[in-house]
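Novice: The structure's right below; bear with me while I get my questions together.
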Amino acid sequence: MKEKRTGFATRLGAIAATVGSAVGLGNIWRFPYQAGENGGGAYILVYLICVVLLGIPIMMSEFIIGRSTHKSMKGAIQELTPGSPFKIFSYVGVLGALLICGYYSVVCGWVIEYLWNSADGTLLGHTPEQYSDMFESLVGTPQRCVLWTLLFLFLNFLVLSRGIQKGVERMANIMMPLLFILLIVFCINSLMLTGSMKGMDFLFNPKFEELGWKGVVDAMGQAFMSLSLGVTCLITYSSYFKDDSRLMKDAVTISALDTLVAILAGIVIFPAVFSFGLEPNAGPKLIFEILPTIFQQMPGGMVWSILFFVLLFFASITSTISLSEIPITFMVDEYKISRGKALIITAVFMTIVAVLSALSFSTLSGVKLFEKNIFDFLDYVGPNIFMLLGGLVTAIYVGWFLKKEVIHNQLTNGGKYRSGFVQPYIIFCLRFIAPIAIIIIFLYYTGVF
Ligand code: TRP
């Protein structure tokens, strides 16, 4: 039986849940390690440009599609433009979400182990080299990696089984502001370390010679990843928005908060990296090496580290919930199955992807896809192919095929608010800038230049 769409209870709750989706490991784990691998400042500049020119317009597009119909992508497109072939891409979104959530859960599993070790007192009190070994030992031990990942997925689906309103909204309302405050405390702490300015220089002084095409691709993929774009997540969430939510304002607020969290995470990590004489390009293990080193030099380090990993856990679970919601809502809407059944099917698929990813540093480390192990492959393909492709399709659809009235009505709530320059700006970005930029990236993949 089809369950009634409950929707988010309050406008603030809807924003908090969407910020909850956006803010996650993407900001705190992935953004710093990608910035570190791509030379810092120049990468961040490209990232910011991508947020303004592509991120915000595509976010508004997803909101327009979702809120105007209160349906997930396939049904929404069918309603807005009957017979349009664009609905096929909803399958790309669902597949993308399953793959991304699969590998992402493995990192969430690492977070739980770090939380556990913080609480039992074994995390702090080591040298940076020992932290590196500690991380290698975790990812190299299949049982540990798999168990933490499974535990995480279990909790994820437990919250989901309680329904969107009670589970997601309530959690996001409390946890997101707390995470924000904690990050600011850590920023101040990092800025007070000796030699911290080298880190700030790395972050904010663009050195374009270190960027290259790879850096540009990574920055663009990361902007999509961080804002939860391209795999119909925000279409799904905005299908639960109330009609009086303000799409323009909300999209700008959400993007700004998300970007701020990523930059704050950078300010926590890089001053410490340089102050402790470590390498910024450590890759996915970066924060797991640096954070314990930061916490242990703070008074009351154990408490800080427990608090931080608890909040990181919540930030991550509000993101995986939004990712899991994509296939669940899709199946409920399209195949009219119960939410419970959709949840179980989603859980099974995600668990398979997650276990394969969790094993890709140990048992399955020999399995290579395009010279990457399964985890690294998904970490690349998710943002840099699935999300960019989804973003391209969304931009073309809303920019070129959706009726102007629908866009106008959604942006202004039926004429109640003024859209000012926002509407022409996003239409220009959607029609020209986003397609050209993303197509250039895809040409780069094919080796044209
Ligand atoms: N934005 C989240 C992060 O930065 C990840 C995420 C959640 C996501 N939902 C998504 C990414 C949907 C793409 C699509 O951690």
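Here, each number is a calculation from the coordinates, and none is a lab measurement. On a predicted model such as this, the values are computed, not experimentally measured, just so you know. In this analysis, Cβ positions are derived from the backbone assuming ideal geometry, glycine residues included, and neighbour counts consider all displayed protein chains.
Novice: Being within 20 Å of ILE317 (Cβ to Cβ), hydroxyl-bearing (Ser, Thr, Tyr) and either outside any helix (DSSP H, G or I) or out of contact with any Asp or Glu (no Cβ under 8 Å at 6 or more places or on another chain) (or both) is the filter here; which residues of the range 101-144 pass it?
Specialist: To start, the set of residues in the range 101-144 that are within 20 Å of ILE317 (Cβ to Cβ) comprises 101-119, 138, 144.
Now restrict to residues that are hydroxyl-bearing (Ser, Thr, Tyr): 103-105, 114, 118.
If the condition is that a residue be within 20 Å of ILE317 (Cβ to Cβ), hydroxyl-bearing (Ser, Thr, Tyr) and either outside any helix (DSSP H, G or I) or out of contact with any Asp or Glu (no Cβ under 8 Å at 6 or more places or on another chain) (or both), then TYR104, SER105, TYR114, SER118 are the ones that fit.
Novice: Next question. Can you tell me which of (1) of a type outside the set (A, V, I, L, M, F, W, C); (2) under 20 Å from CYS50 (Cα atoms); (3) more than 16 Å from the ligand (Cβ to nearest atom) is the one GLY221 doesn't meet?
Specialist: (3)
Novice: Working carefully through the options GLU325, GLU289, find the one that is within 16 Å of the ligand (Cβ to nearest atom) and among the acidic types (Asp, Glu). Full working, then the answer.
Specialist: Numbers: GLU289 fails: within 16 Å of the ligand (Cβ to nearest atom).
Result of the check over GLU325, GLU289: GLU325.
Novice: Now a separate question. Given (1) crowded, with 20+ Cβ neighbours inside 10 Å; (2) away from the ligand (no atom under 13 Å from the Cβ), identify the lone condition not met by ALA315.
Specialist: So ALA315 meets the others, but not (2).
Novice: Of (1) within 17 Å of VAL107 (Cβ to Cβ); (2) within 15 Å of the ligand (Cβ to nearest atom); (3) not hydroxyl-bearing (Ser, Thr, Tyr), PHE386 satisfies all except one. Which?
Specialist: Among (1) within 17 Å of VAL107 (Cβ to Cβ); (2) within 15 Å of the ligand (Cβ to nearest atom); (3) not hydroxyl-bearing (Ser, Thr, Tyr), PHE386 violates only (1).
Novice: Among (1) within 14 Å of the ligand (Cβ to nearest atom); (2) on the phi > 0 side of the Ramachandran plot, which single condition is VAL23 missing?
Specialist: Looking at each condition in turn, VAL23 falls short on (2).
Novice: Considering GLY109, GLY96, GLY102, which residue is under 19 Å from the mean Cα position of the chain (by Cα), more than 30 Å from TRP213 (Cα to Cα), of a type in the set (Gly, Ala, Ser) and buried (at least 24 other Cβ atoms within 10 Å of the Cβ)? Before the answer, list the steps.
Specialist: Numbers: GLY96 fails: more than 30 Å from TRP213 (Cα to Cα); GLY102 fails: more than 30 Å from TRP213 (Cα to Cα).
Selected residue: GLY109, the only one of GLY109, GLY96, GLY102 that is under 19 Å from the mean Cα position of the chain (by Cα), more than 30 Å from TRP213 (Cα to Cα), of a type in the set (Gly, Ala, Ser) and buried (at least 24 other Cβ atoms within 10 Å of the Cβ).
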